[in-house]
1. Can you list the HN-Hα couplings for segment 80-96, worked out from phi with the Karplus curve (6.51, -1.76, 1.60; θ = phi - 60°), rounded to whole Hz and with x for Gly and Pro?
2. If you take the beta carbon distance between residue 66 and residue 91 as r and set R0 to 41 Å, what does 1/(1 + (r/R0)^6) give as a FRET efficiency, to the nearest 0.05?
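Just so it is clear, none of the values below were taken in a lab; they were calculated from the coordinates. From a predicted model like this one, the values you see are computed outputs, not experimental measurements. Neighbour counts run over all protein chains shown; Cβ positions are idealised from the backbone, glycine included.
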Amino acid sequence: MKIDNSGKPLANIAARPLEGRVAAKAEQATEKNSVSINPLAAQLSNVAGAGKSDSTFDADKVAEIRQAIADGRFAIKPEAIADGLLSSVKALLARP
């Protein structure tokens, strides 16, 4: 297969100075790499962290509950769970 070389030469590209092409590419790269933060992102971050508490992990308490479950003496109190859930929701709704 023979390649036809009858196309027009790219004289208009070769005629432009190299510095202008490099500067234009640098400007495009800067525009692509720039980041702007939406002001709503901070609000979303606050909402995402709203459910977190300042309490720490208590390994002894977890071991105690695990042993109580294994022994069959762990009692589930649905009323206490419901009350705790309602108080958590009230606290979250009261936040500004």
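1. 3J(HN,Hα) across segment 80-96, in whole Hz: 5, 5, 5, 4, x, 5, 5, 5, 5, 5, 4, 5, 5, 6, 7, 5, x.
2. Details: r = 28 Å, r/R0 = 0.69.
Given R0 = 41 Å and the Cβ-Cβ separation, E is 0.90.
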